[in-house]
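A short write-up of the structure that comes next.
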Amino acid sequence: MNLSKESEDAIIEVSKSHSIFLEGNLLKVLESDNAEFVRYIEKAKKKDKETRQKRLDVTKKVQSQNNELEKRAKDNDRLMRELQEVLMSAENAKKSVEQDLDVLQKKSQFELIGNIVNVALSIIIGVGVSTTLLYGYALYYSVDTTVIGNAWSNTFGILLTNSFSIIGTIMGVKYATSEGTKK
């Protein structure tokens, strides 16, 4: 494609005054007999090639950065899923430990209550048996049983009262530590 002499001169003048050159496929079809315009076309082709190379480099850099960002986003997603799994696992472990601790506390409370009841009953039975044996001895050997009879009666009354007191205390502790009252 040939341009008029005035168009060629105008294009050359714009390139000198503003450093603006033609670009793209248009440069492939331009032809001229004017040596100065031929030099302009070669210079414009060279600048176009440099510009295209710069754009290509920028595009490659952007694509590389996008690929890196996508890779990091996938890694972040994977890490977030792993963190969620670890968090759920930790929460489940915490619940399990809390349940085990609760069971252990209740077990130790019931064992303590059982020990208290056994000791209290042993003492009550021991005092009751010894007092009864003493009273029986006094009756058998015809000793004055007025004092012993009253003591025996009072002792059994006190033992019975203490037995109910211990049972009431144990029931109160059981009621206070039961799950139904916590809700």
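Since every read-out is calculated from the coordinates, none of them should be taken as a lab result. This one's a predicted model, so the numbers in the text were calculated from it and none came from an experiment. Ideal geometry is used to build each Cβ from the backbone, glycine not excepted, and the neighbour counts take in all protein chains shown.
Laid out as a table, the results:
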{"read-out": "Protection proxy ranking, peptides 35-48, 69-82, 15-28, average beta carbon neighbours within 10 Å, highest first", "value": "35-48, 15-28, 69-82"}
{"read-out": "Cα-projected label distance for S32 with Y141, points at 7 Å along beta-carbon direction, nm", "value": "15.0 nm"}
{"read-out": "Under Karplus coefficients 6.51, -1.76 and 1.60, residue-wise ³J(HN,Hα) of segment 123-134 in Hz, glycine/proline x", "value": "5, 4, 5, x, 5, x, 5, 5, 5, 5, 4, 4"}
{"read-out": "Protection proxy ranking, peptides 104-115, 56-67, average beta carbon neighbours within 10 Å, highest first", "value": "104-115, 56-67"}
{"read-out": "Sites K107 and T161, calculated FRET efficiency, Cβ-Cβ separation with R0 41 Å, nearest 0.05", "value": "0.85"}
{"read-out": "All lysines inside 22 Å of K95 as judged from Cα atoms, apart from same-chain residues fewer than 8 positions distant", "value": "K106, K107, K182, K183"}
{"read-out": "Cβ-based charge dipole, the chain, positive-most Cα from N66, L30, S153", "value": "L30"}
{"read-out": "For segment 55-66, Karplus couplings with θ = phi - 60° (6.51, -1.76, 1.60), whole Hz, Gly/Pro x", "value": "4, 4, 4, 5, 4, 4, 5, 5, 5, 4, 5, 4"}
{"read-out": "Folded to 0 to 90 degrees: helix 5-18 orientation relative to the chain principal axis, Cα", "value": "40 degrees"}
{"read-out": "Span from the segment 10-27 Cα centroid across to the segment 132-175 one, whole angstrom", "value": "124 Å"}
{"read-out": "Nonlocal amide H pairs with N2, under 5 Å, H built at 1.01 Å", "value": "E31"}
{"read-out": "Additional length obtainable on full extension of the chain from S96 to N2, 0.36 nm per residue less Cα span", "value": "25.0 nm"}
{"read-out": "Rounded to whole Hz, the Karplus (6.51, -1.76, 1.60) HN-Hα couplings of segment 165-175, x for glycine and proline", "value": "5, 5, 5, x, 5, 4, 5, x, 5, 4, 5"}
